[in-house]
1. What are the residues in segment 142-183 that are away from the ligand (no atom under 16 Å from the Cβ), assigned to a loop (DSSP other than H, G, I, E, B), in contact with a strand residue (DSSP E or B) (Cβ under 7 Å, 6 or more places away or on another chain) and not aliphatic (A, V, I, L, M), if any?
2. Could you tell me which residue of segment 270-284 is modelled with the highest pLDDT, considering only residues that are in contact with a Lys or Arg (Cβ under 8 Å, 6 or more places away or on another chain) and not β-branched (Val, Ile, Thr)?
3. Are there any pairs with C-beta distances below 7 angstrom linking a residue in segment 17-31 that is free of Cβ contacts under 8 Å to residues at least 40 places away in the same chain and under 11 Å from MET53 (Cβ atoms) to a residue that is surrounded by fewer than 23 Cβ atoms within 10 Å (Cβ to Cβ) and of a type outside the set (Gly, Ala, Ser), with the two at least 6 apart or on different chains, and if so which?
4. Can you find, within segment 295-316, the residue that is nearest to the chain's Cα centre (by Cα) among those that are surrounded by fewer than 19 Cβ atoms within 10 Å (Cβ to Cβ) and more than 9 Å from the ligand (Cβ to nearest atom)?
5. If only one of ILE96, ILE56, ILE102, ILE90 is aliphatic (A, V, I, L, M), within 13 Å of the ligand (Cβ to nearest atom) and farther than 15 Å from GLY325 by Cα, which one is it?
6. In segment 107-119, how many residues are in a loop (DSSP other than H, G, I, E, B) and either modelled with pLDDT of 95 or more or under 22 Å from the mean Cα position of the chain (by Cα) (or both)?
7. Within segment 294-316, can you find the residues that are under 30 Å from SER133 (Cβ atoms) and part of a loop (DSSP other than H, G, I, E, B)?
8. Write out, first by first residue and then by second, each pair whose Cβ atoms fall under 7 Å of each other, whose residues are 6+ apart or on separate chains, and whose first residue, in segment 128-140, is farther than 18 Å from ASN155 by Cα while the second is of a type in the set (A, V, I, L, M) and modelled with pLDDT of 95 or more.
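The values are calculated or read from the model by the stated rules, or taken from the named source; none is laboratory data. Given the structure is predicted, the values throughout are model-derived calculations rather than measurements. Cβ atoms come from the backbone with ideal geometry, glycine included; neighbour counts cover every protein chain shown.
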Amino acid sequence: MTTNLFTPINLSGQYLKNRLVVAPMCQYSSSNGEPSAWHRRHLGTLALSGAGMLMIESTAVSMKGRISSKDLVLENDDQVIAFSNLLKEIKTLSDIPISLQISHAGRKGSVNVPWEKNGTSLDKYQSGWETVSASSIARDKGWQKPRQMNIDEINKTVNDFELTTKKACLAGFQGVEVHMAHGYLLHQFLSPISNKRKDQFGGDFLNRCRFPLQVIEKVREVLPREKILGVRLTGDDCLNGGWTINDCIRLAHKLKTLGVSYLCISSGGILPITKLKFGPCYQVHLAEKVKSAVQIPVRTAGMITTPKQANDIIKNGKADMVALGRQFIRDPWFAIRAANELSERFIMPNQYKRCLP
Ligand SMILES: Cc1cc2nc3c(=O)[nH]c(=O)nc-3n(C[C@H](O)[C@H](O)[C@H](O)COP(=O)(O)O)c2cc1C
C-alpha cells in the first residue's frame, strides 16, 4: 500500500494519525508570556481540525528572547501553570498530539506586534529591550543594532532552552520544536550573513553550528525519549554569501545523530529579502533534497492549500509531513475536506456527526 496523507507516521515512538500538521503561528496575544482566552479559542478550534499534530507558536525561552512584548514565554512557574491549564482544556476536546515551538528572537526581537506601527523596532530606551545576536549587525535599516553575545550569554541561553524544555514537559506537551529558521537567534548564528564572529562560535561551518548544536544536545538530554524533538531549520537563505542547502544537509546529519525526531525545512528571514520565488508549495524542493540525503522524517510548509497538493507531496515521497498555516485558519475543516476527497475514513467529533458529511 502506498503512503498517503492519511497514513500514520511514527515519531520517536508516538504515532500521528495522519501527516497533516497545524503550523506554528504567533498570535501576539499573551500577557506576561502566558496564553490568553484568545489562545484557548484559537487552539481549541485547531485541535478539532483532525490534523495529526498541533504546533503551538514560537514561545520564547526568556523575556529577552521575545519578538514582541505580547509573545508567549515559558520560563517561570506561573507560565507552566498557564500552559498546563491550556493543555488540560484542549485535551478534553481532542487527543491531538501537541508540541511547543521554542525560540529566541535575537536581533529580530523588541518589535511592535505586526498590526501596530507595521511591527517596527521598539526603542530599547523606551518600552523595548536591548537585543543580542551572533554579531553586532542590524537586520536592516530601522531595526535595532544588536549587541554581540559573549560566551556567558551563549551558555546561559543554552541553559534557557534546557529549562524551557523541562517546563514544557511539566506542562504536558508531547514534544518541543527548536526554532532554527526565519532569521531568529539560532539561525543568526548559522548564517554567514549575520555571523561574523572570530571566536569558536563563528567562522567556518562547524563553529557557526556550535551553539545551535549545544542547544539540541541539552534539549535532547532533558526531553524524555518518548517525546518528540523537532527542529525548524533553514533550508537555504537564497542570498549570495548565505546559508545553503548543502549546509542544511550537513547540519541535518548531525541533528539526526543527536536524536532529533524530525526536521521542518523552511527558508528566508535572515534579511527582509530572499531570492526564493513564492508560489504554491514553494519550499517542497528544499524538504525533498534533505529527505533524499538524510534518513529522517521531514516536514514541509508554505502555500500548500489543497488536499491534492498535500497528498501528492506525501505520495511522491517529497516529504513525510505537510504543515499548513494560513489555510487551517481560513478553513479549519481542511482535514475533513481532504479525507472526503481522498475517500479516507475520518473520525468526526461526536457532537458534529449529524452536521457534516
Ligand atoms: C500569522 C502567522 C504567524 C506565524 N508564526 C510562526 C511561528 O510562530 N513560528 C514559525 O516557525 N513560523 C511561523 N509562521 C510561518 C508558518 O508556520 C508557515 O511556515 C508559513 O505561514 C507558510 O505556510 P502557509 O502558506 O501554509 O501559511 C507564521 C505565519 C503566519 C501567517
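1. Result: GLY142, TRP143, GLN144, PRO146, GLN174.
2. This residue is LEU271.
3. Once the first residue is free of Cβ contacts under 8 Å to residues at least 40 places away in the same chain and under 11 Å from MET53 (Cβ atoms) and sits in segment 17-31, its partners that are surrounded by fewer than 23 Cβ atoms within 10 Å (Cβ to Cβ) and of a type outside the set (Gly, Ala, Ser) give LYS17/PRO8.
4. Filtering first and then ranking leaves ILE296.
5. ILE102
6. Of the residues in segment 107-119, 6 are in a loop (DSSP other than H, G, I, E, B) and either modelled with pLDDT of 95 or more or under 22 Å from the mean Cα position of the chain (by Cα) (or both).
7. Across segment 294-316, the qualifying residues are VAL294, ILE296, GLY302, MET303.
8. From segment 128-140, the pairs are ARG139/LEU271; ASP140/LEU271.
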